[in-house]
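Read-outs: derived from the displayed coordinates by stated rules, not from any lab. Model, not experiment: these values are computed from the prediction. Neighbour counts run over all protein chains shown; Cβ positions are idealised from the backbone, glycine included.
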Amino acid sequence: MANRKRQSAKKWGVPKRVCLKLKDRDPNSKLVYSTEFGKICPSCGKQSAECICKKKKTHTIPKGDGKIRVERSTKGRKGKGVSLISGLPLEGPSLKELAKELKQKCGTGGTVRTGMIEIQGDHRDFLVEYLNTLGYKAVKAGG
């Protein structure tokens, strides 16, 4: 019995006390949260701070066809149009920096959402020209 407890502690990567509580559970279930140790990664079974799964994952830029699409959208905005810029090979701070520059050039507001830049108003023509001068292959999409 003691050998079984040691194996389960090794298998899940959590202390013995936590594994003792899991022995009566379904063998396919995993510990997700412990009041003693906080969040536990469901993949590797270690605490969130010590998780090796997150370290292995690298943030990759989504691969597309290499074109940056600039389109106009009014969905969910009560008829107010915004220019959406998608397909940029940037992420994080560099995407926010480009969005700030574009907002200043257009003289309007905007935001970055899920890898896309939203610029308030219909500035598609200007944005396509400006992105092309920056070296991106931008195309006007959606008519």
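Which FRET efficiency, nearest 0.05, do residue 39 and residue 125 yield, Cβ-Cβ r, R0 41 Å? Walk me through the numbers before you get to the answer.
Working: r = 48 Å, r/R0 = 1.17.
With R0 = 41 Å, the Cβ-Cβ based efficiency is 0.30.
Taking every alpha-carbon pair within the stretch 68-140, the share separated by more than 20 Å comes to 18 percent. Pairs of Cα atoms nearer than 8 Å and 6+ residues apart set the relative contact order; for the stretch 69-133 it is 36 percent.
Residues whose amide H comes within less than 5 Å of that of residue 138, counting only those at least five positions distant or on another chain, are 68, 132 (H built at 1.01 Å from N in the peptide plane).
Taking each of 39/96; 67/103; 39/100; 46/67 in turn, the alpha-carbon distance tops 32 angstrom for 39/100; 46/67. Per-peptide packing, taken as the mean over residues of other Cβ atoms within 10 Å, places 105-114, 82-91, 36-45 in the sequence 82-91, 36-45, 105-114 from highest down.
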